[in-house]
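The values are calculated or read from the model by the stated rules, or taken from the named source; none is laboratory data. Not measured: the values here are computed from a predicted model. Methodologically, a virtual Cβ is constructed for each residue, glycine included, from the backbone with ideal geometry; neighbour enumeration extends over all protein chains shown.
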Amino acid sequence: MAHFAELDSNNIVLRVIVISNTDVDANGGDLSVGAESFTGSLVGFSENGAAWKQTSYNNNFRTRYAILGGKYDPINNEFLKPDVGE
């Protein structure tokens, strides 16, 4: 199963959902813009949602698993802990 984090316009994590690996593979594969776009079209966005980013439950990429209230750093391509900044 693949995990995706919904981000607001400030890259704050609003929620994390699970998508099947089959759907991810059929839409560009892991870490692809296609899989992120597919997630948005499948699930939609919450009121403040602006983007979807894949996250790793096992911390295999983007430093750590996305945590509610944490932040995505697009420059370093990583998820940060809430209120800690690292």
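Some points to look at:
- Scan of segment 5-14 for residues that are more than 12 Å from Phe79 (Cβ to Cβ) and surrounded by 14 or more Cβ atoms within 10 Å (Cβ to Cβ), ordered by number: Glu6, Asp8, Leu14
- In segment 39-54, the qualifying residues are those that are within 15 Å of Ala5 (Cβ to Cβ) and free of Cβ contacts under 8 Å to residues at least 24 places away in the same chain, and the one that is nearest to the chain's Cα centre (by Cα) is Gly40.
- The number of residues in segment 7-26 being touching a helix residue (DSSP H, G or I) at 6+ places or on another chain (Cβ under 8 Å) and assigned to a strand (DSSP E or B) comes to 2.
- Among the conditions (1) modelled with pLDDT of 95 or more; (2) part of a loop (DSSP other than H, G, I, E, B); (3) of a type outside the set (A, V, I, L, M); (4) more than 12 Å from Ala5 (Cβ to Cβ), the only one that Tyr57 does not satisfy is (4).
- Every residue from segment 29-62 that is among the polar types (S, T, N, Q) and surrounded by 16 or more Cβ atoms within 10 Å (Cβ to Cβ): Thr39, Gln54, Thr55, Ser56
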